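The block underneath contains the structure these notes are about, expressed in structure tokens.
The values are calculated or read from the model by the stated rules, or taken from the named source; none is laboratory data. Model, not experiment: these values are computed from the prediction. Neighbour counts are summed over all protein chains in view; Cβ atoms, including those assigned to glycine, are modelled from backbone coordinates with ideal geometry. Only protein heavy atoms, including side chains, enter the accessible area calculation; ligands, DNA and RNA are left aside. Shrake-Rupley method; radii C 1.70, N 1.55, O 1.52, S 1.80 Å.
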Number of protein chains: 4
Amino acid sequence: MVVILYLIVLFDLLPEFYYNCGNVSINKEVTMIIIMERNATEENIQTVVDLLELHEFKVLVKQGDVHTVIDALGDKTTLSPGRIEALDGVKQIKFIREPFRLASRDRKPEDTVIEFSNGVKIGGANRPVSMVGPCSVEEDYEGLLEVAQAAKELGCQFLRGGAFKPRTSPYDFDGLGEKALQYLAKAREATGLLVVTELMDSADLDLVCHYADVIQIGARNMQNFKLLKSVGKCNKPVILKRGAASTIREFLLAAEHIMYNGNEQVILCERGLKSFDSAFTRNLLDISAVPVIKKYSHLPIIVDPSHGTGQRYLIEPMAKAGLVVGADGVMVEVHHNPSQALSDGKQSLSIPQFKEVFTRLNSLIDTLHLEKSAPVLSVE
Amino acid sequence: MVVILYLIVLFDLLPEFYYNCGNVSINKEVTMIIIMERNATEENIQTVVDLLELHEFKVLVKQGDVHTVIDALGDKTTLSPGRIEALDGVKQIKFIREPFRLASRDRKPEDTVIEFSNGVKIGGANRPVSMVGPCSVEEDYEGLLEVAQAAKELGCQFLRGGAFKPRTSPYDFDGLGEKALQYLAKAREATGLLVVTELMDSADLDLVCHYADVIQIGARNMQNFKLLKSVGKCNKPVILKRGAASTIREFLLAAEHIMYNGNEQVILCERGLKSFDSAFTRNLLDISAVPVIKKYSHLPIIVDPSHGTGQRYLIEPMAKAGLVVGADGVMVEVHHNPSQALSDGKQSLSIPQFKEVFTRLNSLIDTLHLEKSAPVLSVE
Amino acid sequence: MVVILYLIVLFDLLPEFYYNCGNVSINKEVTMIIIMERNATEENIQTVVDLLELHEFKVLVKQGDVHTVIDALGDKTTLSPGRIEALDGVKQIKFIREPFRLASRDRKPEDTVIEFSNGVKIGGANRPVSMVGPCSVEEDYEGLLEVAQAAKELGCQFLRGGAFKPRTSPYDFDGLGEKALQYLAKAREATGLLVVTELMDSADLDLVCHYADVIQIGARNMQNFKLLKSVGKCNKPVILKRGAASTIREFLLAAEHIMYNGNEQVILCERGLKSFDSAFTRNLLDISAVPVIKKYSHLPIIVDPSHGTGQRYLIEPMAKAGLVVGADGVMVEVHHNPSQALSDGKQSLSIPQFKEVFTRLNSLIDTLHLEKSAPVLSVE
Amino acid sequence: MVVILYLIVLFDLLPEFYYNCGNVSINKEVTMIIIMERNATEENIQTVVDLLELHEFKVLVKQGDVHTVIDALGDKTTLSPGRIEALDGVKQIKFIREPFRLASRDRKPEDTVIEFSNGVKIGGANRPVSMVGPCSVEEDYEGLLEVAQAAKELGCQFLRGGAFKPRTSPYDFDGLGEKALQYLAKAREATGLLVVTELMDSADLDLVCHYADVIQIGARNMQNFKLLKSVGKCNKPVILKRGAASTIREFLLAAEHIMYNGNEQVILCERGLKSFDSAFTRNLLDISAVPVIKKYSHLPIIVDPSHGTGQRYLIEPMAKAGLVVGADGVMVEVHHNPSQALSDGKQSLSIPQFKEVFTRLNSLIDTLHLEKSAPVLSVE
């Protein structure tokens, strides 16, 4: 009798989800699979089924001698997976569909391109961009201007600099605040570069938006959801840096927070992970994250070899590595006098070093841009 | 000539820092050692010496055929180590003294004890405390009250519950806000339990302070320095959760941020680290962090086996593990109906489970408390 | 037409794997789920189906608008999952059943107990055992004997000591070889303790088997499969240490290698993981691995707080932590003169410290043993 | 009196290690710094000094109000640092000189170049090499030959293939043994390619040496010191793969083991680290390890993007990343029919994919080779 019940269910489902079913319109698919514990009772299984059905999932239960497996067909955003995990007898949930939606290439196969009022574009087949400048903006405006002018001459598009700085120790310099923003705006006026600066607190949103062309969310704030929500509601492009211990999935879910709140102009930035080996580098720059994210998301992604390694001599090779794997740009710390920099001097280039390195980087970028314009078929 | 200069420096320093120098008052010591690169020039070395001396460090330079090593004697809070690292030819800085000061047991050898108006104490030889309650406070006040009443009966001291919830996905429930705070306050009135709740944004500081007895800073915000600063300026005890990829040093520096801003009532909380193995547990609870932190800091520390493992069946064993190594308390998620919990049900105890587990935990706590009152000499 | 084919397959499968199917004998179940890439072609899907069917899996294909999902029912040991992963269009395989079989509690619900000729037992409800001794056996036999005698007096059951030592640097002491084995045997004769020593090379198997009561496989050799195979073929119990970066699944698969080759007397040993924080401890001892492994495997497991932390002062608290979560024993380094130890002195107890620590540990072990004999129902 | 003693010591040392001391010959330098615990006694300090002096170190003790710091000048290979760490009152040892010597660029500033009888060279300014072939050699010799011929045509220099395979699960295919070696030799005869194959057990050394041109030590055996010793005593070049959780320092110390035993022909290979994120890649390929190792060691280093990522589509971008940062070669898995490969098919290229990818890689290699021949000054 029960068999018959399930046959009916199956017949009902068949047109929707079995292979080679012809030209039937499919609007539901298996999105989660729930694996029950070895000792799960029939009551446990029924409770899972009931919760799923309450949220309009279609359900298929396959009982084994060890594990019972439940397929759920539907849109899991209406039901937090944690709800299911909490049920007695549930061992694990396996997600078939990635939990990020808006950021997913499944939803939007073509690359997202972000365009600025001066015509600069990030993403897609566009020439990779360069964002350079000091870690934090300091009292010496002339120094900042000198960096900006060199950047302009080398064809960079963005001037970066911190006004509010997150610092591990309370004894370190933590930024000039609004004065720094004014300096950046002044340097923009002088050079035409676009301004990138970090927002650390949603209370400063209006202030930062007033001065910045691109708002940066730092790695330590990648899961500061209030902040993500606040930039989601503003209309400026956002650079979202990957947390030092964030998985790619968490990273894309953080982007999802911004997009879900209304702002689709998100530029991802890989800037190095915490690893078990910090003897020679501050972080471990995850170069493979670039092609992985390109495969699963349509958002542009840049790399930051300064934070990513913490070592000046690694900026050039790691910027190149990021670019050859397809990054849409690089962010590099440049200071007019790294020995006097109040923060991150170790990972900053001086102006002569910057010129030397970017002459070589620009030549690589040109080559890569040519290849992008005439893309070859890649190996899937 | 320079040799003579250094001889003078040496003579000057000798009474202060050489071994067995008698009863001379010592107020400076080696706090940093700067190791120069193999190919560092004399000019590089001199630049380091000059910067150190500018910041009133005493300096001792030891040249080798491979590496030159520079001892710096003084108080490094006046000079960010990053400034030195940025100088040409510097390979690495080794810190002799831990960078945290206020949180350090070097500064304050006796345990910090935090006392509440109702007489509850955390830290030192006091009985370990219990903080229990749902991950997030939900619409059903009766459910919350039921948990609070059970907690009261079992001798727990704190009711925990989230009003604002950080969620990895934007599609998950993110808290009831002020209504949740009101519910917590109401349950406090009914039971006499103290209230712990998380602050996620400095904009909500006054609101949360108004209702909470203890303010919690979540793991994802451990390096949200604006937030640390804001709770540093309030007069409520703070539970600071360790970031999932934070070193112990970073954790204590985060506590230092709060203390440096004026609030010395910091309770640390170990809640699990991100590891390469998440097949069976959500995080890797670092039990050894408890005795390590007890050795290097005077602050009280508790453990959270709910977040620390993400698995209900691991709450009891891991709470016990935390307690036997010296934790000053445990924080455990309890929900009146975990299967219906809107968040973290998987790692919450139901009320009957809670009673069962805490009956056993209380018996362990009693034993440990007796031992604490009559401490044995430990192995250093 | 193809639809019909699948209907037939479905009918064939129905009695076996659908929920609530009555009292039908079930001998196959879903063991793997194959998730296809977004852009997988029908040909890709068919190739997967063909390979599965060739290996006698039953197959169920569920096509979605994004991902097609294939359930495979059968015994995956006949087909390496890597074979499937290699097929074009396959995104990922999700395993429903853990890949270890012989080591799994699914196969053998009751605890494995290993019994020695002198009546000592490890595992199950037996009293947790103690294995103590120097990291490496040194020239001074009297020193070793002194440790062994103290161990005997304190009720320990095993004397451990290395004859062949893995050393990170070629400049470090690497063991006395056979002479060490003879010393251990001599100390066994004098005290009645059982001898544990490490095997590093399958060429030494007979030699080590001749002298040892228990053969240890070190963490660095956990995936030295030749070595696992060779101890699989001997009839002595084996202590298998978890690799510093091994997942629990890899750990149990390494045990599976030994068991598959014929030796079921495997004692697991958790000895610390490599983490991003090595400032205060050499490794991060994963205490939660004990209850996790107890849940998924029937094999006994012990903890090694000496290697697990690398710090003498952490041996006692972390041994206690391991014991309260259910470890079947502890392994601790004890040296008659740690300051003169040729290896691992930092993490060894001196004999007086050993007596002090084990007096307290024994009292905890007694309490826990009493509880084990009268077990309470635990929270699943 | 003691003060006087130390003054004498100081005077004695001054010409040797103080800055700007003129043209004195320096043959000793600070190699270790020992930091004492806050509560170390004078006796503790004296014991450290005595041990150091026994091993002919010169010693300088600097007492602080918190930590006493001891400089040790001398050659630490005569004294294992663990011996010092074990002394009571020692908090930590800081190494000034890297523990590897033979592998260090300090000892040998120029690049090591390894030359084969057929004129192929690895390292220095030579053209980066390509090593390709199946993960494991299988029964189908024609398939292997097909790969070898394609490799020859594309200008690759090495044919790789496993005869003995380490497998995480005992249920997986573990290699054909000597037959595989014979196949490789036959393919070498047919194509002129050099043969690379893995040695897993020192018992097979002569066998593998007989057939191979280069012996590979796998990542899981990087710290199998018996194996390192045995290849140290043979006269074939060795590819040493970095362990999945090995630091760069441990990696270079493993190379040191081989070199110390007499074989200086070591080729390092970066092949990916275990990380907290394995959702999209099997390992995290540490691209920055290449330029870091180039800075600290003279040994050649190649990258393996097949194992490094576990994903076919990442082979090309990650090979390029390795090459642009200076790798001396790439190792890539190629199989004549990846869908049928008995191991690692997922991360293997088919022959058509191989041709496509290597056409592009060769063009990058040519460009990089030109740059190598006319090197630019790099940023230190």
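Residue by residue, the range D:235-243 carries 3J(HN,Hα) couplings of 10, 9, x, 10, 9, 10, 8, 6, x Hz when phi is fed to the Karplus relation 6.51 cos²θ - 1.76 cosθ + 1.60 (θ = phi - 60°); x denotes Gly or Pro. For peptide A:357-363, the mean count of partner chain Cβ atoms within 10 Å of a residue's Cβ comes to 1.
Residues A:H257, D:H369, ordered by accessible area of protein heavy atoms at a 1.4 angstrom probe radius and largest first, appear as D:H369, A:H257.
Distances between placed amide hydrogens fall under 5 Å for C:T31 paired with C:A72, C:L73, C:G74, all partners being 5 or more residues away or on another chain.
With 0.36 nm allotted per residue and the present C-alpha distance subtracted, the D:E189-D:K91 stretch has 29.4 nm of extension available.
For the range B:161-263, the Kirkwood estimate of hydrodynamic radius, built from reciprocal distances between every pair of different alpha carbons, is 14.0 Å.
If I model a spin label as a point 7 Å beyond the Cα along the Cα-Cβ vector, how far apart are those points for A:E42 and D:D366 in nm? In this crude spin-label approximation the distance works out to 7.2 nm.
Looking at the range B:124-223, the GluC sites (Glu not before Pro) that sit in a DSSP loop and have at most 13 other Cβ atoms within 10 Å of their own Cβ are B:E139.
I'd like the carbon and sulfur percentage of the solvent accessible area for the range C:252-342, probe radius 1.4 Å, heavy atoms only, ligands and nucleic acids excluded. C and S atoms contribute 44 percent here. Taking C:L273, C:L87, C:L207 as the candidate residues, the one with maximal mean-square fluctuation in a Gaussian network model of chain C, Cα springs under 10 Å, is C:L87. Interface size, chains C and D: roughly 4500 Å² of accessible area buried, both sides included, 1.4 Å probe, rounded to the nearest 100. Per-atom-type breakdown for the range B:123-201 gives carbon and sulfur 45% of the accessible area (1.4 Å probe, protein chains only). The residues of the protein assembly as shown expose on average 33 square angstrom of accessible surface per residue, using a 1.4 Å probe on protein heavy atoms. Computed on the Cα atoms alone, the convex hull of chain B gives a volume of 177 cubic angstrom per residue. Modelled spin labels at A:T359 and C:D65, positioned 7 Å past Cα toward Cβ, are 5.5 nm from each other.
With contributions of -39500 (n - 2.57) from each DSSP H run of at least four residues, the per-residue ellipticity at 222 nm computed over the protein assembly as shown stands at -11000 deg cm²/dmol. The distance linking the range D:52-123 with the range C:310-346 is 27 Å (Cα centroid to Cα centroid, whole angstrom).
Accessible area of D:V137 (1.4 Å probe, protein heavy atoms only, ligands and nucleic acids ignored): about 0 Å². Label-to-label distances for B:A203 across copies, nearest first, come out at 1.1, 6.9, 7.0 nm, using points 7 Å from Cα in the beta-carbon direction.
Sort the protein assembly as shown into rounded, prolate or oblate with this rule: let a ≥ b ≥ c be the square roots of the eigenvalues of the Cα gyration tensor; rounded if a/c is under 1.5, and if a/c is not under 1.5, prolate when a/b is larger than b/c, oblate otherwise. Verdict is rounded for the protein assembly as shown. Between A:S297 and A:R105, the built amide H atoms are under 5 Å apart, and every one of these is 5 or more places off in sequence or on another chain.
Contact residues in the range B:304-339 (at least 10 Å² less accessible area with all protein chains than alone, 1.4 Å probe): B:R312, B:Y313, B:L314, B:P317, B:M318, B:K320, B:A321, B:V324, B:V325, B:S339. Starting from one equal scatterer on each C-alpha and no solvent at all, send me the Debye-based log10 I(q)/I(0) for the range C:221-287 at q = 0.12, 0.13, 0.22, 0.24 Å⁻¹, two decimals. These q points yield log10 I(q)/I(0) values of -0.32, -0.37, -0.84, -0.94. Distance from the C-onto-A rotation axis is smallest for the Cβ of the chain C residue given, in whole Å, as C:K94, 2. Legend: mean number of C-beta atoms from other chains within 10 angstrom of residue C-beta atoms, peptide A:157-169, equals 3.
Only residues of the range C:62-104 count here: report those whose backbone N is under 16 Å from the spot 7 Å along Cα→Cβ of D:E139, or say none. Only C:79-80 pass the distance filter. For the range C:39-86, the carbon plus sulfur part of the accessible surface works out to 44%, probe radius 1.4 Å.
Here the label points at B:E56 and A:T78, each 7 Å from Cα along the C-beta direction, are separated by 6.8 nm in the simple model. For the range C:207-230, accessible area lost to neighbouring protein chains reaches 50 Å² or more, against the chain alone with a 1.4 Å probe, at C:R220, C:Q223, C:F225, C:K226. Mean partner shielding of peptide A:56-65, defined as the number of other chain Cβ atoms within 10 Å of each residue Cβ, is 5. Using heavy atoms of the protein chains and a probe of 1.4 Å, the accessible area assigned to D:V113 is about 70 Å².
The overall shape of the range C:107-202 is oblate: from the C-alpha gyration tensor, with semi-axes ordered a ≥ b ≥ c, the ratio a/c is 1.5 or greater and a/b is no larger than b/c.
Would you please state the base-10 log of I(q)/I(0) at q = 0.17, 0.19, 0.21 1/Å for the range C:278-380, with intensities from the Debye formula using one equal scatterer on every alpha carbon? The Cα Debye sum returns log10 ratios of -0.80, -0.96, -1.10. Using θ = phi - 60° in the Karplus curve 6.51 cos²θ - 1.76 cosθ + 1.60, the 3J(HN,Hα) couplings for the range C:262-271 round to x, 10, 8, 8, 10, 10, 7, 9, 7, 9 Hz; x is entered for Gly and Pro. Taking amide hydrogens as placed 1.01 Å from N in the peptide plane, the amide H of B:I239 sits under 5 Å from those of B:I215, B:Q216, B:I217, B:I267, each at least 5 positions away in sequence or on another chain.
If you take the beta carbon distance between A:N235 and A:A125 as r and set R0 to 25 Å, what does 1/(1 + (r/R0)^6) give as a FRET efficiency, to the nearest 0.05? According to the calculation, E is roughly 0.50.
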